[in-house]
1. Examine segment 190-207 for a residue that is among the basic types (Lys, Arg) and at pLDDT 95 or above, and state whether such a residue exists.
2. For segment 113-189, list the strands (runs of 3 or more DSSP E) that sit wholly inside it and hold at least 1 residues that are open to solvent by 20 Å² or more (accessible area, probe 1.4 Å) and farther than 19 Å from Asp70 by Cα; which are they?
3. What are the residues in segment 567-588 that are without any contact (Cβ under 8 Å) to a residue 60 or more places away in the chain, in contact with a helix residue (DSSP H, G or I) (Cβ under 6 Å, 6 or more places away or on another chain) and farther than 15 Å from Ile614 by Cα, if any?
4. Show the residue pairs that are 6+ apart or on different chains and have beta-carbon atoms under 8 Å apart, the first residue being within segment 307-324 and closer than 20 Å to Ala349 by Cβ, the second being among the small types (Gly, Ala, Ser) and part of a loop (DSSP other than H, G, I, E, B).
5. Filter segment 126-175 for residues that are touching a strand residue (DSSP E or B) at 6+ places or on another chain (Cβ under 6 Å) and over 30 Å from Ser277 (Cα atoms) and give the result.
6. Are any residues in segment 266-283 charged (D, E, K, R) and either closer than 15 Å to Ser344 by Cβ or open to solvent by less than 20 Å² (accessible area, probe 1.4 Å) (or both), and if so, which ones?
7. Can you tell me which of Arg627, Arg665, Arg669 is at negative phi, of a type outside the set (Ser, Thr, Tyr), at pLDDT below 95 and part of a loop (DSSP other than H, G, I, E, B)?
8. Got a number for residues in segment 57-79 being more than 14 Å from Asp659 (Cα to Cα) and without any contact (Cβ under 8 Å) to a residue 24 or more places away in the chain?
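The values are calculated or read from the model by the stated rules, or taken from the named source; none is laboratory data. These figures come from a predicted structure and were not determined experimentally. Cβ sites come from the backbone with ideal geometry, for glycine too, and all protein chains shown count toward neighbours. Surface areas here come from the heavy atoms of the whole protein model, side chains and all, with no ligands, DNA or RNA. Shrake-Rupley method; radii C 1.70, N 1.55, O 1.52, S 1.80 Å.
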Amino acid sequence: MKTLLRFVTAATYRTVALLLLVAAGASAQSAKKPITQDVYDIWSSISGARLSSDGRWAMYTVSPAVGEGDLVIRATTGTTEYRHPRGYTGRPQLQASADTSALFSPQAAEFSASSRYAAFLRYPPKDEVEAARRPRRGGETAPRLRNTLGIVNLADGSVTWVPGVRSYRFAREGGAYLAYLLEPDAETAAPGAEAAAADRRETGSTLVLRQLASGTESRIEDVTTYLFDEGERLLAYTTSSADRSQDGAWIHELATGRVTALASGKGSYRSLVLDRSGTQAAFVSDRDEADAAKPRFSLYYASLVAPRGSAAIAPARRVLAADAVGAGVLIADRGRVEFVRDGSALQFALAPVLPDTIPTDSLFDKAVYDLWHWQDTELQPQQKQNAGRDRNRTWAAAFHAATGRWARLGNDSLRQVTLADNGRVALALNPVEYAVEQTWGEGGSDAFVLDATTGERTPIAERLEFGAELSSGGKYVTYFADRRWWAYAVATGRKVDLTGGIRDVSFDDELFDAPDTRPPYGLGGWVKDDARVLVHDRFDVWEVDPAGVAAPRNVTAGAGRQTGTTFRVVDLDTEDQVLDPAEPLLLRVFDNESKASGYARARLGAPSRPETIIRGPKNYAGLAKARNAEQYLMTQSTYREFPDLWTGASIARVTKISDANPQEREYPRG
């Protein structure tokens, strides 16, 4: 009886204690401020977070939901912090749309490669933006909104402001220069604007080249586009002037100040690009047909290595004339132009010749219909919405400077083309055959391997619901079909079943409960030289030989499935996205039962249980690393904790460096 009484008394005590605790919590919650609409507007978000190359600085923009934000530059050790205004960065969504890309997002600030300077754009204040948005009456014009460039000296946090800046650039390496393009002046730009309206040309504005250490600046007029080479030896730019003889594409050698005209004279010069080594340039221009009613563009190429016996760069040469691409096709003037990673090939774009527009008066007093058809691949409202995109659709092509040959890779059916880093192979997908089925959620794509030097096509698979992927070295194409991963060897045409022989493991979504094909968990990346490809199942990571010789290996030794933990590959190298087998493999960890997360490391070629780096009852995410230092940046969050920024010299030991929402402690909010 005493035991029972003692048990009842203890139980009653625990119940009363629990009720008191709940009451205290409720009292604490009720003591907090009520949440109203204006409270939502002050809640901030963090965007554009990054580390300097040397890892000594972190930088991010903090913006309220509605209002003006700040740029914060924070030392990763110590407490030094610089804060500068960024203007009206917290802009509300004023139109109903599911497309989040339509939302305003401030451009991320940039560090110089030397980690001594930072640059960012400050936007106009809220009242100016709102005033410009208001409807106008009669001939009233909206005020022009201009951004201001901020150049921060990280030694002391001092900032130099430059008003009326359209854009700016640093070189990837070096860090001695900054180039920025000014907005055209309203008074001086007026004649040029009229000329542009008359001949449909865009006139340029002033480009300023600034030596960061000394602050010395030089100006180049009438610039439309500009870029540095990665090694900061050259500044390339194009010009468009009211004086047509000053139009051109130019190379400015930073060490000597020498300027070389790659091509100049009356015409438009667009899509100027350099290769990674800064030894090649390319662009498109209509200079050869500048006086024609409808001038067409040609492709130009230049070697930026001075010929033997000369100190000067040779002018560009026309490598593909406008009339050499075939009937009904043009070299696109605003399409993609880009060198492949090793510089051996140049990708450019072709476009169909569009029919002349219908004169407005031809539709006078006539009915205009929307014609619907049951075999339309897009509904009429979608066709209207996408009309501009469809008119500007381009097709991929490749030019090889070593041979002087070019090949057309894409067409109306092959709309998605991926050119390998070696420039010799391309992967193309054709979704057109299944476009009708796509309207009700089915469909797929046929996959082809292309010889990028000739354009010859080889079909490899049909109706792939989840697409296909070209390996980093261009040796294989991987795709998911029949509930297994496959590899197609480009050189031999051999297909290898990568995962069908792995028993008791599904590589498609085990929890998928819709009446449709189960999607795969995805790939984890390619090992150097295409030696292996990593594949995810629900929990673990597998190392698979795309040649089909070596047996698959479970990199995580089955620890994921045994413990209900999901491991996923994390590659922090944003420049060279191949995995080095000699380096530890970084994994993100998620406990499906407790929802804890973290990071772990494993080894390729030697399956073993992953070694935990950090793990806890939080959402660890957004991991990044400084390019040239062992310094890491991440977010940590819980239901009650905002995902602020944390940094440290190791993932396991990080320090909080942001406090975006200090007011959250005042409100009863998760």
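1. Scanning segment 190-207, I find no residue that is among the basic types (Lys, Arg) and at pLDDT 95 or above, so the answer is no.
2. In segment 113-189, the matching strands (runs of 3 or more DSSP E) lie at 165-169, 177-182.
3. Hit for segment 567-588 is Asp580, nothing else.
4. Val319/Ala401; Val319/Gly404
5. Hits for segment 126-175 are Lys126, Val129, Asn147, Thr148, Gly157, Val159, Thr160, Trp161, Val162, Pro163, Gly164.
6. Of everything in segment 266-283, those that are charged (D, E, K, R) and either closer than 15 Å to Ser344 by Cβ or open to solvent by less than 20 Å² (accessible area, probe 1.4 Å) (or both) turn out to be Asp275, Arg276.
7. Arg669 is the lone residue from the list that is at negative phi, of a type outside the set (Ser, Thr, Tyr), at pLDDT below 95 and part of a loop (DSSP other than H, G, I, E, B).
8. Looking only at that region, the number is 3.
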